[in-house]
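Quick notes on the structure that follows.
What follows is calculated from the coordinates using simple rules that are stated; it is not laboratory data. This structure is a prediction, so every number in the text was calculated from the model and none was measured. Heads up, the Cβs are rebuilt from the backbone with ideal geometry, glycines too, and the neighbour counts pull from every protein chain shown.
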Amino acid sequence: MVRSGEISEDIKEKIISYHKSGKGYKSISKITGLHKSTIRSIICKWKTLGTVMNLPRSGRPPKISTKVKRKIIKEVTKKPEITPKELQACLALAKVKVSEVTIRRTLGKLGYVREYETENQCKKD
């Protein structure tokens, strides 16, 4: 079978039900089309944890919470020409310390793109 990321929870549940009904790794492997070691690891995970759901992964927690994102969106919709420096000052009043770069990245992820005038546009006006 081609590598395609994570296995859906439905398939994992089927594997567990086949295992409970007494089928072996080899027969489950033929039925599902997955490798025996994959079947074994799913069953071992189910036996140790009691679930086949994907567990949360480790990683750095986000610097800006959803509450702060909502505040940024509110400020930008209220005043579209606001700069990241001004947003940083607004957030500092709310006791949230973030850099301008973080604010710029967050705005980009939220779909807010700042348009700058080029020299040609300035000459036309």
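Things worth noting here:
- Where only DSSP H runs of four or more residues are counted, the chain gives -17500 deg cm²/dmol as its mean residue ellipticity at 222 nm, each run worth -39500 (n - 2.57).
- For the range 66-114, with +1 on Lys and Arg beta carbons and -1 on Asp and Glu, the positive-most of ILE103, VAL76, THR66 along the dipole: THR66
- Rounded tilt (10° steps) of 84-93 against the dominant C-alpha axis of the chain: 80 degrees
- Normalising the average separation of contacting C-alpha pairs (under 8 angstrom, six or more residues apart) by the number of residues puts the relative contact order of the chain at 15 percent.
- When Rg and Dmax of the Cα atoms in Å is calculated for this entry, the matching label among (i) 22.2, 70; (ii) 15.6, 42; (iii) 25.5, 79 is (iii).
- Crossing angle, helix 9-20 versus the chain [Cα axis fit, 0-90 degrees, rounded to tens]: 20 degrees
- Mean separation of Cα pairs under 8 Å and 6 or more residues apart, divided by the residue count, gives the range 9-49 a relative contact order of 40 percent.
- Relative contact order of the range 43-108, pairs being alpha-carbon contacts under 8 Å that are 6 or more residues apart, as %: 23 percent
- Taking the longest Cα principal axis of the chain as reference, the axis of helix 66-78 is set at about 30 degrees.
- About the centre of its Cα atoms, the range 9-49 shows a dipole size close to 240 debye [charges on the beta carbon of Lys, Arg (+1) and Asp, Glu (-1) only; nearest 20 debye].
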